[in-house]
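Each reported figure results from applying straightforward, stated rules to the coordinates on display, with no laboratory input. Treat the numbers as computed from the prediction; the structure is a model and nothing was measured. Cβ placement follows ideal geometry from the backbone for every residue including glycine, while neighbour counts extend to all protein chains displayed.
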Amino acid sequence: MAKKGNILIVDDEEIMREVLESLLSQEGYRVDLAKTGEEGLSKMSDRTYDAILLDVSMPGMGGLRTLEEILKLDREAAVIMITAYATFDTAIAAWQLGAYNCIRKPFENEQILKTVAAGITRRRGEEERRVLRRTLKTSGDRSQIVGNSPAMREVYDLIEQVAPARSTVLVTGESGTGKEVVAKTIHFSSPRAESGQFVAVNCSNIPSELLESELFGHTRGAFTGAIAAKKGLFEVADGGSIFLDEISTIPPETQARLLRVIQEREFTPLGDTQQHKVDVRIIAATNTDLQRAVKSGDFREDLFYRLNVINIHLPPLRNRREDILPLAQHFIRKYNQENDRIVSDQISPEVLSALEKYPWPGNVRELESAIERAIIVARGDEITLECLRDEVIDPRSGEDASSRPIDAIGSFDISRGISFYDEVSRFEIELIKRALEITGGHQSKAAKMLGMNNTTLNSKIKVYNIKT
């Protein structure tokens, strides 16, 4: 494929084909020619085109009919209609059928070039979204976004919807749930991945007196120590995306400047008088309740509403335990590769049971750390219970007994060795047995009834040694 793209010109006038071919070839496009609609459709069976220039008035199969057939073969085709007989009705008919644009003869060369470039950009954006949809349906291809729980499927659907847009996104969730991973996925699944960088800023790590300089830059001499001009991170991210983590920690004066950037798409570096225009998509994240911060006066209400255009909430790992197995397997493969190990990603029932019972207060980040440690200390080719930290094997081992509520301790006969996790396990076993009984032993139906995927149910059946 040519570097800039493949173009098909379908026009019955030889001179028009030659003019367009010369113009587009000089710009670096690869150009194919067809003098009838039938010939154009035939060429589409051999090659995919980034843009198609199609004459409306042709003998035989007319332009509008050809357009219909083209879109049957390639529904995302960027078809640009060209006609000397352009009327409002013709343009409306073409657009209703799915044409990208309509251009009237005689045309300006620059008009053709701009329209073709814009059509190709649109088409490639559609292709990127299609790739994203396919990627999100395949757990193993999601990089670090792993899991097939209902809650995570909702997250994948939202990412697919918002990735092509430029609207601001607010990602919420507890620390360690993967907010930056979601932000990166949004950026790299959008056309902005081609035009600009992904710039991540942890607002809580930058002293408040330096934050504005980091975000918006400064001129030489803007303040004591500013011995040279510095480009701000918003300018670095121009054309791309900026990820503002821990957004709740930014001071009030910076909140006001950030609001202006969102509203006006412009900012002024410290010490400068000139406004700088910027095209940046803002993705913010927080593990705190911003609405509560607004009520307490710690966060601007108008900024909250500008940030919270689209909210993606990441559930804690303890609320999606069916994702623990695929996440653990993903991290095993990752740290095998990083450490040149060959530890099996087939997790034993007793290890899986320990992983699923542990509450993971540090969420996915803590699970990743636990698996990395297990890979390093594993003596053989599999992870055993001995490879896990004590608190994962027995969540009560890291708990200070004096911190437990007296009533809660006194409500159980501790001498019998009954624990919360034992009771949960017994309850799980009864639920699974009941579901299998109702479905006549059909695991897929039982999994659906229990709201979990087949892999998770199968692993629990093995862990609990349930007869099916």
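Summary table
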| read-out | value |
| --- | --- |
| Antiparallel content of DSSP bridges confined to region 137-315, in %, to 5 | 15 |
| Per-residue [θ]222 nm for the chain (sum of -39500 (n - 2.57) over DSSP H runs n ≥ 4, rounded to 500) | -14000 deg cm²/dmol |
| Alpha-carbon centroids, region 262-328 and region 1-33: separation in whole Å | 45 |
| Relative contact order of the chain, defined on C-alpha pairs under 8 angstrom at six or more residues apart (%) | 11 |
| Rounded to whole Hz, the Karplus (6.51, -1.76, 1.60) HN-Hα couplings of region 28-40, x for glycine and proline | x, 7, 8, 10, 10, 10, 9, 9, 9, x, 4, 5, x |
| For residue 313, distant residues with modelled amide H under 5 Å away | 172 |
| In order through region 232-242: 3J(HN,Hα) via Karplus (6.51 cos²θ - 1.76 cosθ + 1.60), integer Hz, x for Gly, Pro | x, 5, 5, 5, 4, 8, 3, x, x, 9, 10 |
| Out-of-range pairs (alpha-carbon distance over 27 Å; input 230/277; 114/184; 184/445; 35/114; 357/445; 4/72) | 114/184; 184/445 |
| Of the GluC sites (Glu not before Pro) in region 22-128, those whose Cβ has at most 11 other Cβ within 10 Å and which sit in DSSP loop | 108 |
| Shape call, region 6-127: gyration tensor on alpha carbons, a/c limit 1.5 | rounded |
| (1) 35; (2) 26; (3) 52, with the label sought being that of the calculated percent of Cα pairs over 36 Å apart | (3) |
| DSSP loop trypsin sites (Lys or Arg not before Pro) with at most 11 other Cβ within 10 Å excluded, longest remaining stretch of the chain | 221-378 |
| Environment charge of residue 172, counting only residues whose C-beta is closer than 15 Å and scoring Lys/Arg +1, Asp/Glu -1 | -4 |
| Residue-by-residue Karplus 3J(HN,Hα) for region 100-106, coefficients 6.51, -1.76, 1.60, Hz, glycine and proline x | 6, 7, 10, 10, 9, 7, x |
